[in-house]
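Data block below; observations after.
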Amino acid sequence: MLEVDGIHTYYGLSHILFGVSLEVDAGQVACLLGRNGAGKTTTLKSILGIAPPRQGRVRFKGVDVTGEEPFVMVRRGIGYVPDDRRIFADLTVGENLEIAARREKGREYWDKKKVFELFPPLERLDHRRGGLLSGGEQKMLAIGRALMGNPEFLLLDEPTEGIAPVLVRAFGKTIVRLKEVGLTVLIAEQNVKFTLKLSDRGYIIDNGRICYQGTVKELVENEEVRRTCGI
Ligand SMILES: Nc1ncnc2c1ncn2[C@@H]1O[C@H](COP(=O)(O)OP(=O)(O)OP(=O)(O)O)[C@@H](O)[C@H]1O
Ligand SMILES: [Mg+2]
């Protein structure tokens, strides 16, 4: 469904990604693992067109979409949950969700009710302003908002960053549920154990280069990967 082929991405003169390639098949959960500054967020931004690659290609559902504007990518069916969440502080939870609603013919699974079923704690916060939510609640809202666009493919940037362990486990179940309803997901994470448990395929990025890749089984059985990632 998604093919990233040898992308090089820069911020100004800084060369950040060096020939990153990865593939995510329809219906799969893939993960991109790496430490701080490895290039995970930059890879997601390159896919979405926020930081368009200077070399290499991005293909989505067989179409070359390299460098397309983010709003075009969203229309094509890609949802994005940035690590800094960016919810509207002055809008209520319900308004944050409704404003992101997009019902495309044949892809209209998600509405506010479905999001509340997925994240029960959000339901009682329906009328609370976004800016007053806790970090974990904001993370749920950010994912819910991306789902309101009824994407086929979801890019998740560090869903577990800064949240309590009990919520991390809950998010694990959420992602499994998303896969069950047919979403394809790419998760960027530092939490290796959490992420490998729910992924089909993994990529490990270091210094802007993919250093290991494979099925989760292959990664877990690779001694070098185990040492590098501490699994
Ligand atoms: N807007 C920017 N301008 C210049 N350099 C940037 C910019 N954003 C990120 N970088 C640099 O690009 C490199 C990769 O950053 P990136 O955010 O992709 O890493 P990451 O793997 O997501 O890290 P983290 O786990 O901390 O989120 C880092 O060295 C970072 O300092
Ligand atoms: Mg990041």
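The values are calculated or read from the model by the stated rules, or taken from the named source; none is laboratory data. Just so it is clear, the model here is predicted, and its values are computed rather than measured. Cβ: placed from backbone, ideal geometry, glycine included. Neighbour counts: every protein chain shown.
What number of residues within the stretch 23-37 are within 16 Å of ligand 2 (Cβ to nearest atom), more than 20 Å from residue 176 (Cβ to Cβ) and at pLDDT 95 or above? Here the count works out to 0. Note on the stretch 38-53: residues that are more than 12 Å from ligand 2 (Cβ to nearest atom) and touching a Gly at 6+ places or on another chain (Cβ under 9 Å) total 4. Only one entry of 7, 16 meets the criterion of being within 12 Å of ligand 1 (Cβ to nearest atom) and either loosely packed, with under 15 Cβ neighbours inside 10 Å or not assigned by TED's automatic domain parsing to the domain that holds residue 140 (or both), and that entry is 16. Taking the stretch 1-56 as the range and being of a type in the set (Lys, Arg) and free of Cβ contacts under 8 Å to residues at least 40 places away in the same chain as the test, only 45 passes.
As for the stretch 63-86, it holds at least one residue that is crowded, with 21+ Cβ neighbours inside 10 Å, hydrophobic (A, V, I, L, M, F, W, C), within 21 Å of residue 175 (Cα to Cα) and away from ligand 1 (no atom under 16 Å from the Cβ). Listed by position, the helices (runs of 4 or more DSSP H) contained in the stretch 129-221 that have at least 3 residues being of a type in the set (Val, Ile, Thr) and away from ligand 2 (no atom under 16 Å from the Cβ) are 165-180. Does the stretch 182-210 hold any residues that are closer than 16 Å to residue 227 by Cα and within 13 Å of ligand 1 (Cβ to nearest atom), and which are they? Residues satisfying the conditions are 190, 191, 192, 203, 204, 205, 206. In this structure, does residue 188 turn out to be crowded, with 16+ Cβ neighbours inside 10 Å, free of Cβ contacts under 8 Å to residues at least 12 places away in the same chain and either over 25 Å from residue 42 (Cβ atoms) or of a type outside the set (Ser, Thr, Tyr) (or both)? In short, no.
Report yes if some residue within the stretch 33-53 is of a type in the set (Gly, Ala, Ser), within 23 Å of residue 199 (Cβ to Cβ), more than 15 Å from ligand 1 (Cβ to nearest atom) and surrounded by 15 or more Cβ atoms within 10 Å (Cβ to Cβ); otherwise report no. Within the stretch 33-53, none of the residues are of a type in the set (Gly, Ala, Ser), within 23 Å of residue 199 (Cβ to Cβ), more than 15 Å from ligand 1 (Cβ to nearest atom) and surrounded by 15 or more Cβ atoms within 10 Å (Cβ to Cβ).
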